[in-house]
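A quick write-up on the structure given underneath.
Computed from the coordinates by the stated procedures, all read-outs in this text should not be read as laboratory data. Keep in mind the model is a prediction, meaning the values are calculated, not measured. Note that each Cβ is placed from the backbone with ideal geometry, even for glycine, and that neighbours are counted across all protein chains shown.
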Amino acid sequence: MSEISTVDDEIKIEILGEEESHFGSKVEQKREPLQAQIETVTVDNYPQYFSNNPLTSEKKKDLEEGLLYLKVAVDPESGAKAGSIEVRRQHDNALSVEVSEDYQRRGVAGTLIRQAQSEHDNLHLLNFAGKAGESLYIKMGFKPEGGIDHFVWKREIQANAG
């Protein structure tokens, strides 16, 4: 829901509701960890997890063809979506993580990233989460590479002694 008002010839726009989006976290202190359930998002269950974000034909095609890896973290008590992770395989495994504010600083992003790391050999991301994100990504084995706020993770493959 948006509200537009004018005050002294200045236009103010307020975005209200739970779908408000911003980069980084407003939550500064770590909180009680959440043991989230990880669910795979398919074309069939997409509306259950993303009711305010329609499934586009492009996203549907990418999910069906396996070009889009999409998982959600679900609060086991309430059944609410705590966060999601997306890996776009056709874009060199570009990763993005989003965690609802109510669930930030509870280990949800780390759980989602570990899940993606277990199913991919490399991941790339741009850090929009500020210092807290940078700290988490480095802790999870991502290394700064190239441009500002670009991080890369690669699975370490042990060579067989032979």
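The modelled label-to-label distance for the pair THR42/GLU101, using points 7 Å beyond Cα in the direction of Cβ, is 3.5 nm.
Between GLN90 and GLU64, the contour length at 0.36 nm per residue exceeds the alpha carbon distance by 8.0 nm. Packing order of peptides 125-132, 81-88, highest average first: 81-88, 125-132 (average count of other Cβ atoms within 10 Å over each peptide's residues).
For segment 33-154, the direction-averaged projected area of the alpha-carbon convex hull comes to 7.6 nm². Checking the Cα-Cα distances for LYS61/LYS139; LYS61/LYS81; LYS61/LYS154 against a 29 Å cut-off, the pairs over it are LYS61/LYS139. The relative contact order of segment 72-162 comes to 21 percent, based on Cα pairs under 8 Å that sit 6 or more residues apart.
Once the Cα-Cα distance is subtracted from the 0.36 nm per residue extended length, the MET140 to ASN122 segment shows a gain of 5.2 nm.
Using the Cβ of THR56 as centre and a radius below 15 Å, the other residues enclosed give a net charge of -1, where K and R count +1 and D and E count -1. Taking Lys and Arg as +1 and Asp and Glu as -1, the other residues whose beta-carbon sits under 14 Å from that of HIS120 total +1.
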